[in-house]
Amino acid sequence: MAFLSYRNVRVAGMSVGVPKHKICNLDAADISKDYDAASFIEVTGVKERRIGELTVSDLAIPAANQLLDELGWEKPSVDGLVVVTQHGDYIVPATSCIIQERLGLSKECMAMDISLGCSGWVYGLSSLVGMMSSGNLRRCLLICGDARRRVEFNDPLFGFAATVTALEYKEGAENICFHLGTDGSGYDAIIIPDGGARNQITPSSFIPQEIDGREYTPLQSRMKGMDVFSFGITTAPKSVKKLAEHFGFDYTSYDYLVLHQANMKMNAMIAKKLKFLPEKVPSSMWNFGNTSSASIPLTIATQLRECCTQGLVRLLCCGFGVGLSWGTVALEVENIIIPDLIEIEE
Amino acid sequence: MELKDFIENFAAQFDDTDANEIKAETVFKELDEWSSLIALSVIAMADEEYEVTLKGDDIRNANTVEDLFNNVKSKM
Amino acid sequence: MELKEFIENFAAQFDDTDASEIKAETVFKELDEWSSLIALSVIAMADEEYEVTLKGDDIRNASTVEDLFNTVKSKA
């Protein structure tokens, strides 16, 4: 059972990098043949999103530089970097290696990628916090997000972003605890069928298929919406409850419930099951869409900026989706550094 | 669990379709308004009203509203 | 660091080429036996004998054995 608890690590800061360019779904005539833009926005909660030709490292570098600057962290002092992305700059090598170099981090810095989406920030956090907890690593960066894909991608649900979470070793810092889970039987609920080793790229990889009133090629991500929806409304609440039961805390006492931002209706149902009032369930979907592994930190950094930078906030965060994979984390953040949103031009 | 109640709950997910157009034998995926978005509301409704988790295949394999009712009932 | 010694160390990486064929002015990449595998042994030799790290560009930019000697010497 993957119940983890670590002490002595605190979140020092969080920053967000997004493309400057916005698209409004109301203007998008090609939302779907089956339903109109207004219905789409009502059910999904995505009015606007940021997209562009920028890769994850293009978005992460300025965000990381700004955060390191405001934290007063010298580059050589960073000894760990984890990048969570499913659309790295290259298929090979890992994007964390690219970012190590572009950021100017030391060669003595550990760097690795984790290939997860919706659950990615929670998983990434668990791996870094785990490595830092006994003091082996002192200052680390967790970079999460998906941006430019391998082929053209303009799904109205998704937006591009990269977030940087700075973690530091601090004796006595409050426990951070996790519950993590996996169900590979749902591997094709959210999938890019071609381009991996299983289905190599062939000419047919470029032929569009109609799914749910929109066209997708086998090189573009497609989702079994209904299955992901029913998975989300059952698994997310269960994970939170299991975490609370295992570590013996009252989850309703937390200040905010921050859910992966994939569908407003789904999140509303999850929140209701966990008895969190809407004002305690912040959302970034309206302006940013589904930003994959960046969604939870992006929501914290944009919607909870004031309280997190000026006091102590207890957060319950749950990421769930592609894999199928899910993770819940319970943590405190206190007086952390959150720079202004970094908007990057192409 | 009553079929009549279920039909009412099902029909409530539609905005532009008259309730009396939706009966036990209605092939619901042929309704004009039917879409994957409505499918999500039906899944939500089954979860909320009956504490039953419907999946994509359940929607795909049901033809009539009554088929769906039977499916939900069997999972209760 | 002696050029003569370097040429000997360099020539030692070749199995089928006579040592007398390898001189300071030899355009080593034109030797029959030259290959990317021999390049790897030359890099290993520079590291072991001189504690110098040669890179791909260093091999690419050198024409003669003496060019390579000069590169290694400059990094020693």
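Annotations
- Only a single item in (1) touching a residue at least 24 places away in the same chain (Cβ under 8 Å); (2) surrounded by fewer than 16 Cβ atoms within 10 Å (Cβ to Cβ); (3) of a type outside the set (Phe, Trp, Tyr) is not met by residue C:74, and it is number (1).
- Within region A:235-242, none of the residues are under 17 Å from residue A:319 (Cα atoms), in contact (Cβ under 8 Å) with a residue 24 or more places away in the chain, within 10 Å of chain B (Cβ to nearest Cβ) and of a type in the set (A, V, I, L, M, F, W, C).
- Sole exception among (1) in contact with a Gly (Cβ under 8 Å, 6 or more places away or on another chain); (2) crowded, with 24+ Cβ neighbours inside 10 Å; (3) part of a helix (DSSP H, G or I) for residue A:299, by number: (1)
- Of the set (1) under 15 Å from the mean Cα position of the chain (by Cα); (2) at negative phi; (3) more than 14 Å from chain B (Cβ to nearest Cβ), all apply to residue A:292 but (2).
- Checklist (1) within 14 Å of chain B (Cβ to nearest Cβ); (2) over 18 Å from the mean Cα position of the chain (by Cα) applied to residue A:197, failing item: (1)
- Total residues in region B:30-52, condition part of a helix (DSSP H, G or I), within 11 Å of chain A (Cβ to nearest Cβ) and of a type outside the set (Val, Ile, Thr): 10
- Hits in region B:39-53 (condition: among the hydroxyl-bearing types (Ser, Thr, Tyr) and under 16 Å from residue A:267 (Cα atoms)): B:41, B:53
- Yes/no for residue B:66 being part of a loop (DSSP other than H, G, I, E, B), more than 12 Å from chain A (Cβ to nearest Cβ) and touching a helix residue (DSSP H, G or I) at 6+ places or on another chain (Cβ under 9 Å): no
- When B:57, B:18 are checked against the criterion of being away from every other protein chain (no Cβ under 11 Å) and at pLDDT below 95, a single residue qualifies: B:18.
- Filter result for residue B:27 (modelled with pLDDT of 95 or more, under 29 Å from residue A:214 (Cα atoms) and surrounded by fewer than 17 Cβ atoms within 10 Å (Cβ to Cβ)): yes
Yes/no matrix, rows are residues, columns are (1) under 27 Å from residue A:189 (Cβ atoms); (2) away from every other protein chain (no Cβ under 14 Å); (3) without any contact (Cβ under 8 Å) to a residue 40 or more places away in the chain; (4) in contact with a helix residue (DSSP H, G or I) (Cβ under 8 Å, 6 or more places away or on another chain):
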{"site": "A:220", "(1), (2), (3), (4)": "yes, yes, no, no"}
{"site": "A:244", "(1), (2), (3), (4)": "yes, yes, no, yes"}
{"site": "A:269", "(1), (2), (3), (4)": "yes, no, yes, yes"}
{"site": "A:300", "(1), (2), (3), (4)": "yes, yes, no, yes"}
{"site": "A:305", "(1), (2), (3), (4)": "no, yes, yes, no"}
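The values are calculated or read from the model by the stated rules, or taken from the named source; none is laboratory data. From a predicted model like this one, the values you see are computed outputs, not experimental measurements. A quick note on method: Cβ atoms are made from the backbone with ideal geometry, for glycine too, and the neighbour counts reach across all protein chains shown.
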